Amino acid sequence: MGTANRATNGIYTTTEELVKLRQYAHELDLSARRRSQSMLSGNVRTRYRGRGMEFAEVRPYQAGDDIRTIDWRVTARTQKPYTKLFQEERERPVFVMLDQRSPMFFGSQLQLKSVYAAYIATLVGWAASANNDRIGALIFGDEEQADIRPKNSKHALMELINRVNHFNHQLQQPIPTGSIINIEAMLQEVRRIARPGSLLVLISDFHDIDESCAETLTMLSKHSDVNLFHVIDPLETSLPNRGVFTVSNSKQRMSIDAAAVREDYAHVISCRKKLLQAQCLNAGISYVDATTKIPATEMLLTIHGAKRNKKYRQAPGNVD
């Protein structure tokens with residue numbers, strides 16, 4: 001069945017839907033709160049101090065400072081030489097890791113996890129494009145992956161959208177037919193591809209997270225600003241209190257007594273989530289509980305909305 005002929009309704013993405021997400025591009029602010037490692041010029045404000053366009057602070061003049069940056073008003077007032085410092089702008093590529101494996105083909109709310117994750121990736125892409133950042137991606141399914149090296153052009157974003165659509169429409173059932181690419185291998189791949197100083201956006205349900213991922217996440221966070229979006233469907237975290245339900249993988253059916261397995265199931269899911277949260281905390285990675293009951297646009301605007309971030313930066317005690 002061709003991509004264009006498939007009904008969507010939250011089951012599959014379409015190019016039209018992903019392109020429409022462009023309207024939110026200027027409402028999202030992906031500004032890093034950690035020091036950038038990239039030495040290329042660009043539009044992201046960092047903690048580096050240098051010759052730039054935005055004034056940062058004044059400090060006592062030191063030998064070697066450019067006399068053109070002397071603040072003559074402060075110097076005259078204090079009778080001691082002071083120099084101006086400016087917030088230097090540096091480039092920060094944005095790199096997205098998007099999971100489109102079979103377990104993502106599940107949902108009970110607005111859309112399947114695979115579609116929800118695709119929306120997050122595309123929204124991040126549009127926001128990066130609006131900020132003139134280079135955008136790259138690693139998109140993977142059960143058996144194949146696609147690498148998009150960071151580029152600064154509308155063509156790069158359209159390549160991202162086309163690749164997202166391709167992988168999304170390969171999904172047919174939530175249960176893989178054989179062995180699949182594991183998340184640890186993909187995190188290692190991100191570490192190999194993404195340049196230091198990048199903003200890394202990791203999007204997955206992390207159903208196969210284990211202890212082996214901790215070291216890789218830590219290594220990623222040492223050289224980049226990492227945001228992890230844990231895509232979760234509410235039905236995965238809490239089964240109904242009672243009732244017998246019929247489930248199917250499109251080939252077989254079986255009945256499940258929700259009350260009989262509810263506690264054990266909740267314990268397994270809770271342990272997995274706590275493991276991922278602990279690994280993010282230890283690595284200094286931003287963890288986001290991306291539940292599919294909240295629209296992806298609303299969730300991202302709550303976290304990275306431009307107006308919200310402006311208020312955050314202006315609040316007493318908050319430092320970028």
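The values are calculated or read from the model by the stated rules, or taken from the named source; none is laboratory data. Here the structure is a predicted model, which means the values were calculated and not measured. Backbone-built Cβ (ideal geometry, glycine too); neighbour counts: all protein chains shown.
Laid out as a table, the results:
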item	result
Filter result for L235 (among the aliphatic types (A, V, I, L, M) and outside any helix (DSSP H, G or I))	no
Where a residue in the stretch 269-290 is under 20 Å from S224 (Cβ atoms) and its partner, wherever it lies, is assigned to a loop (DSSP other than H, G, I, E, B), with Cβ under 7 Å and at least six apart	L276/F206; L276/I209
Which listed residue is in contact (Cβ under 8 Å) with a residue 40 or more places away in the chain and farther than 23 Å from L112 by Cα, from P295, P234, P196	P196
Of all residues in the stretch 65-124 being out of contact with any helix residue (DSSP H, G or I) (no Cβ under 7 Å at 6 or more places or on another chain) and of a type in the set (G, A, S), the one that is farthest from A296 (Cα to Cα)	A76
Test: residue in the stretch 187-196 that is at positive phi and either outside any helix (DSSP H, G or I) or in contact with a Gly (Cβ under 9 Å, 6 or more places away or on another chain) (or both)	no
Within the stretch 252-320, helices (runs of 4 or more DSSP H) holding 3 or more residues that are at pLDDT below 95, charged (D, E, K, R) and in the same structural domain as N131 (by TED's automatic domain parsing)	258-283, 306-314
Failed condition for S114, given (1) assigned by TED's automatic domain parsing to the domain that holds V201; (2) among the polar types (S, T, N, Q); (3) in a loop (DSSP other than H, G, I, E, B)	(3)
Among the candidates I180, I175, residue that is outside any strand (DSSP E or B), surrounded by fewer than 24 Cβ atoms within 10 Å (Cβ to Cβ) and modelled with pLDDT under 90	I175
Test result for A127, small (G, A, S) and touching a His at 6+ places or on another chain (Cβ under 8 Å)	yes
Residue within the stretch 118-140 that is farther than 25 Å from D289 by Cα and in contact with a strand residue (DSSP E or B) (Cβ under 6 Å, 6 or more places away or on another chain) present	yes
Every residue from the stretch 139-160 that is surrounded by fewer than 22 Cβ atoms within 10 Å (Cβ to Cβ) and either in contact with a Cys (Cβ under 7 Å, 6 or more places away or on another chain) or closer than 27 Å to S31 by Cβ (or both)	D147, I148, R149, P150, K151, N152, S153, K154, H155, A156, M158, E159
Identity of the residue in the stretch 227-253, buried (at least 16 other Cβ atoms within 10 Å of the Cβ) and in contact with a Ser or Thr (Cβ under 7 Å, 6 or more places away or on another chain), that ends up farthest from D142 (Cα to Cα)	N227
Of residues in the stretch 199-219 being over 16 Å from L98 (Cα atoms) and in contact (Cβ under 8 Å) with a residue 24 or more places away in the chain, the one surrounded by the fewest Cβ atoms within 10 Å (Cβ to Cβ)	E211
